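The values are calculated or read from the model by the stated rules, or taken from the named source; none is laboratory data. Here the structure is a predicted model, which means the values were calculated and not measured. Reconstructed Cβ throughout: ideal geometry from the backbone, glycine too, with neighbour counts over all protein chains shown.
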Amino acid sequence: MGEAKIFVRERTRQQEKGKKPRFKVVATMGTDIRIKAFHLRKKELEELALAANADLIFMEDKKDGKGKKDGCSKR
């Protein structure tokens, strides 16, 4: 793969059962890709990364147990 990177994480408010997309794009680096969807499936992300010649980086979810993560609040 190239030097381009697509950073993704798992969705936080995901239902236990169902076939909803599990991942959200957090950031892109070194690529001119514009992603219009809010949530994507892993297969869709892999296809985007392949087409953009980018590495797919899965970020870990760090919870602090207080409902908020890293000082971010709800929209």
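Before moving on, here are some points about what is shown:
- Of the criteria (1) touching a Gly at 6+ places or on another chain (Cβ under 8 Å); (2) at pLDDT 90 or above, which one E3 fails: (2)
- So I35, is it β-branched (V, I, T), under 13 Å from the mean Cα position of the chain (by Cα), outside any helix (DSSP H, G or I) and modelled with pLDDT of 90 or more: no
- Residue satisfying all of: in region 47-70; more than 15 Å from E10 (Cβ to Cβ), of a type in the set (D, E, K, R) and surrounded by 10 or more Cβ atoms within 10 Å (Cβ to Cβ); modelled with the lowest pLDDT among these: K68
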